[in-house]
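Student: Below are the structure tokens for one structure; questions will follow.
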Amino acid sequence: MKTSDSITAIAPALVKAQRAMQAAAKSATNPHFKSKYADLATVIEAVKGPLNEQEIVCLQGVTSDSTGVMVETRLQHASGEWIADTLFMPVVQQTPQAYGSAITYARRYQLQAFVLL
């Protein structure tokens with residue numbers, strides 16, 4: 001995980017945001033395993049309000065190559081402080097659907113890990 005030189009403003013803001021967060025609803029169904037999970041839209045809905053109330057924005061940039069996608073998630077505070085990390089997600093099939101799926105998985109997993117949701 002990478003951070004700005006100082007995290008004295010973003011750290012307490014993240015604590016306040018986490019206190020306000022509720023678990024993301026498991027409203028989507030995985031047909032292969034017949035299990036429920038929180039999809040990306042539901043995770044974003046659960047964290048965006050509490051983060052924004054603490055002047056934190058979540059940015060997720062995507063890069064790709066022939067082996068997979070890399071998603072960088074950055075929590076950026078109004079003070080200029082930030083916390084970021086990058087997750088690589090391999091892509092086996094070279095199709096738009098496979099790349100889109102890998103991007104969605106990476107964004108969801110990384111966002112949940114960042115806010116401990």
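Student: Please compute the net charge surrounding residue 61, taking Lys and Arg as +1 and Asp and Glu as -1 over other residues with Cβ under 13 Å from its Cβ.
Tutor: 0
Student: Hey, if you put +1 on the Cβ of every Lys and Arg and -1 on every Asp and Glu Cβ in the chain, which of 58, 18, 71 ends up farthest toward the positive end of that dipole?
Tutor: Checking the options against the dipole of the chain, the answer is 18.
Student: Now a separate question. Any lysines with Cα under 21 Å of the residue 34 Cα? List them, leaving off those in the same chain fewer than 8 positions away.
Tutor: 26
Student: Once you mark the trypsin sites (Lys or Arg not before Pro) that are in a DSSP loop and have at most 15 other Cβ atoms within 10 Å, what is the longest gap between them in the chain?
Tutor: No qualifying site falls inside 35-117, the longest such stretch.
Student: OK, next. Against the longest alpha carbon principal axis of the chain, how many degrees, from 0 to 90 and to the nearest 10, is the axis of helix 96-115 turned?
Tutor: 30 degrees
Student: Can you match percent of Cα pairs over 23 Å apart to one of these, [x] 28; [y] 22; [z] 35, based on a calculation from the structure here?
Tutor: Checked against the structure: label [z].
Student: Once neighbouring chains are kept in place and the probe is 1.4 Å, which whole percent of the accessible area of the chain is contributed by carbon and sulfur?
Tutor: Looking at the chain in its full context, I get 56 percent from C and S.
Student: Counting Lys and Arg as +1 and Asp and Glu as -1, each charge on the Cβ, what is the dipole of the chain about the Cα centre in debye, to the nearest 20?
Tutor: 460 debye
Student: Hey, could you pull the Cα Rg and Dmax for region 68-117, both in Å?
Tutor: Both quantities, over Cα of region 68-117: 12.7, 41 Å.
Student: Over the chain, give the accessible area per residue in Å² for a 1.4 Å probe, as an integer.
Tutor: Per residue, the chain has 60 Å² of solvent-accessible surface.
Student: Continuing with the same structure: When the solvent-accessible surface of protein heavy atoms is calculated with a 1.4 angstrom probe, in what order do 77, 32 fall, highest first?
Tutor: 32, 77
Student: Using only the Cα atoms of region 4-70, build the gyration tensor, take square roots of its eigenvalues as a ≥ b ≥ c, and label the shape rounded, prolate or oblate: rounded if a/c is under 1.5, else prolate if a/b is larger than b/c, else oblate. Present the calculation step by step, with values, prior to reporting the outcome.
Tutor: Details: a/c = 3.10, a/b = 1.32, b/c = 2.34.
Here region 4-70 falls in the oblate category.
The values are calculated or read from the model by the stated rules, or taken from the named source; none is laboratory data. Please read all numbers here as calculations on a predicted model, not as lab measurements. Using ideal geometry, Cβ is built from the backbone for each residue, glycine included, and neighbour counts are taken over all protein chains shown. Note: accessible area is taken over every heavy atom of the protein model, side chains too, but ligands, DNA and RNA are not part of it. Shrake-Rupley method; radii C 1.70, N 1.55, O 1.52, S 1.80 Å.
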